[in-house]
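Here is the structure we will look at.
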Amino acid sequence: MKYLKMLCLAAVAAATLTALVGVGTASATVLCKTNLTSGCASEDYPVGTEIHITQEPETTAVLETTSGTVLNTCTGGTTKGTIANTGGNSSTVSVTLTSLSWGTCTRTTHTITIGAFEFHHIAGSDNGTVTSIAAKTWTVDTIFGSCIYMDGAAVDMGTYAGGNPGTFNINYVVSKEVGGFACPSDAVFKASFVATSPTPMFVSAG
């Protein structure tokens with residue numbers, strides 16, 4: 001167990017360093033209280049604003065192999081974070097996660113590290129892509145042992161559609177960090193979430 005923790009901490013440190021190096025190339029993005037795609041002036045959400053994300057009702061989050069075999073399903077997941085950078089003309093919005101709960105899962109699932117992500121405005125819309133900038137790691141227990149999966153820096157997690165409330169469509173590949181033959185080296189995580197706070201929330205150019 002000590003080895004696993006050391007491995008995870010090392011992976012997180014490397015991912016965070018990569019994210020910091022890449023900050024200079026971030027796209028112009030802000031999170032707005034109004035749906036003005038060209039900018040929202042003083043209507044952007046400030047540093048410290050809490051973002052609360054909940055799994056869409058009657059949907060199931062799925063972890064599956066790249067060939068489509070289901071490894072784990074969860075319902076009722078919730079995530080919270082705070083805006084660490086408001087973004088602007090030459091930077092993007094970053095969110096530091098403060099909690100990540102998986103809800104009820106078919107396999108016992110635990111969060112190890114909760115990570116961070118950022119928004120990148122999609123031109124001509126009030127939507128954005130969602131990119132991991134610091135690793136999230138979690139375990140999925142199987143009858144053969146625990147599998148530890150991680151997303152790293154600069155991983156495109158999916159898209160956010162601005163609205164009241166806004167919605168997250170998550171669909172991306174995560175990598176195995178620890179685990180035996182029962183743990184695929186890569187897996188796909190799919191889920192639909194709603195931004196229950198703040199509302200409304202739109203993505204705009206800085």
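Remarks
- Take the conditions (1) at pLDDT 95 or above; (2) in a strand (DSSP E or B); (3) closer than 24 Å to Asp186 by Cβ; Ile83 misses just one of them, which is (3).
- Considering the range 174-198, and only residues there that are of a type in the set (Gly, Ala, Ser) and free of Cβ contacts under 8 Å to residues at least 60 places away in the same chain, the residue that is nearest to Arg107 (Cα to Cα) turns out to be Ala182.
- Taking the range 174-197 as the range and being part of a loop (DSSP other than H, G, I, E, B) and buried (at least 17 other Cβ atoms within 10 Å of the Cβ) as the test, the residues that pass are Gly179, Cys183, Pro184.
- Residue check for Phe119: at pLDDT 95 or above, under 16 Å from Cys74 (Cβ atoms) and not charged (D, E, K, R): no
- Residue in the range 151-173 that is surrounded by 16 or more Cβ atoms within 10 Å (Cβ to Cβ), in a strand (DSSP E or B), in contact with a helix residue (DSSP H, G or I) (Cβ under 8 Å, 6 or more places away or on another chain) and touching a residue at least 24 places away in the same chain (Cβ under 8 Å) present: no
- Some residue of the range 133-140 being closer than 13 Å to Ser27 by Cα, in contact (Cβ under 8 Å) with a residue 24 or more places away in the chain, within 15 Å of the chain's Cα centre (by Cα) and part of a strand (DSSP E or B): no
- Count of the range 43-80 residues which are part of a loop (DSSP other than H, G, I, E, B), buried (at least 17 other Cβ atoms within 10 Å of the Cβ) and at pLDDT below 95: 1
- Scope the range 86-122; condition under 20 Å from Val70 (Cα atoms) and either in a loop (DSSP other than H, G, I, E, B) or acidic (Asp, Glu) (or both); matching residues: Trp102, Gly103, Thr106, Arg107, Thr108
The values are calculated or read from the model by the stated rules, or taken from the named source; none is laboratory data. Keep in mind it's a predicted model, so treat the numbers as computed, not measured. When we count neighbours, we look across all protein chains shown, and the Cβ atoms used for this are built from the backbone with ideal geometry, even at glycine.
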